[in-house]
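Read-outs throughout are calculated quantities, based only on the coordinates presented, and are distinct from any laboratory measurement. Predicted model only: the values in this text are computed from it and were never measured.
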Amino acid sequence: MNSLDLLQQADKRLVDLVSTLSVSNLDAPSPCSGWSVRSLLSHTVATIDAFAAALDGQGGPTEQELF
């Protein structure tokens with residue numbers, strides 16, 4: 001399995017997991033101390049966007065936008 005296959009597999013797992021959440025789940029604490037599910041999900045999506053922008057040769061989000 002190559003890197004692209006692994007990324008696609010991880011993407012599918014994330015989509016599958018997020019699709020099970022309800023709005024009320026978003027403000028619940030996550031396993032990451034001090035982070036809600038909403039905060040962790042937002043951080044994860046911003047990081048994915050940053051990687052995609054870097055691969056496209058575009059500027060990504062700032063460090064503040066990622067955290």
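Relative to the first principal axis of the alpha-carbon coordinates of the chain, what is the inclination of helix 3-18, with its axis defined by its Cα atoms, in degrees from 0 to 90 and to the nearest 10?
Computed tilt is about 20 degrees.
Mind jotting down the three principal axis lengths of the chain based on Cα atoms? Whole angstrom, largest first.
Between the extreme Cα coordinates on each principal axis of the chain lie 36, 31, 19 Å.
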